[in-house]
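Following: one structure in structure tokens, then a few remarks.
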Amino acid sequence: MTPDLLHKPIEIFTGLSLAVQSKLKIKHDGWLQDTDILASPNFEQRPDNAEIDLIVVHGISLPPGEYGGGYIQQLFTNQLDPREHEYFAEIEGLRVSAHCLIERNGHLVQFVSFNDRAWHAGASCWQGRDNCNDFSIGIELEGCDDEGYTDAQYQQLARLVISLRKQYPALTEQALCGHSDIAPGRKTDPGPCFDWNRLNTLIHS
């Protein structure tokens, strides 16, 4: 827990707990109920008999280090205009997605059904198994490696993890990692500022 929270009144902690306890509903088709949806074309069916047994946490900002422009949503739906920023020109034609994005204010957007294979992990390996997209769920947090994530993001991520574990029983407590864990040397997100202990505390609150 960050130092600034340590000095706030106890009702703040109660509010955090209540926010996490409010449940997200996942329908049988893999879509969240009562959540904003921006359907991405960047997905495919999972391989036959693939069991969803891993959650991968990512960090992303577009342009790098900037927040709130809606560019992540545009990237995941193939609508990013390469003329708007020099970095967008560098990644023109990139086809990626995640199942969900959690913005800085905690707002949750879903792009791909959890039952389908989103394109979030790239070349990856988890416990000897390659192609993590086949069996994982990818959750993007709006952020970057050298800046802390927000209270609202931790709360929303905890809510989502709790709901996913309920819907997909193979998602054990150990089946939660960062992009850097499945693609070491190639990826660094969600970065050293991401507080795994804080997330786990909220999940079990």
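Only the coordinates and a few stated rules stand behind these numbers; no lab work does. These figures come from a predicted structure and were not determined experimentally. Using ideal geometry, Cβ is built from the backbone for each residue, glycine included, and neighbour counts are taken over all protein chains shown.
When you look at residue 155, is it assigned to a loop (DSSP other than H, G, I, E, B) and farther than 26 Å from residue 63 by Cβ, yes or no? Explain how you work it out, then say what you get.
On the way: assigned to a loop (DSSP other than H, G, I, E, B): no; farther than 26 Å from residue 63 by Cβ: yes.
So residue 155 fails the test.
Any idea which residue in segment 153-170 is farthest from the chain's Cα centre (by Cα), counting only those that are over 24 Å from residue 187 (Cβ atoms) and not charged (D, E, K, R)?
Ranking the candidates gives 169 first.
Considering each residue of segment 159-204, count those that are assigned to a loop (DSSP other than H, G, I, E, B), within 20 Å of residue 147 (Cβ to Cβ) and among the hydrophobic types (A, V, I, L, M, F, W, C), and give that number. Don't jump to the end; show me each part of the working.
Just the residues of segment 159-204 that are assigned to a loop (DSSP other than H, G, I, E, B), to begin with: 168-175, 183, 185-186, 188-195, 204.
Okay, now just the ones that are also within 20 Å of residue 147 (Cβ to Cβ), so 188-195.
Subsequent filtering for residues that are among the hydrophobic types (A, V, I, L, M, F, W, C) retains 193-194.
Residues in segment 159-204 being assigned to a loop (DSSP other than H, G, I, E, B), within 20 Å of residue 147 (Cβ to Cβ) and among the hydrophobic types (A, V, I, L, M, F, W, C): 2 in total.
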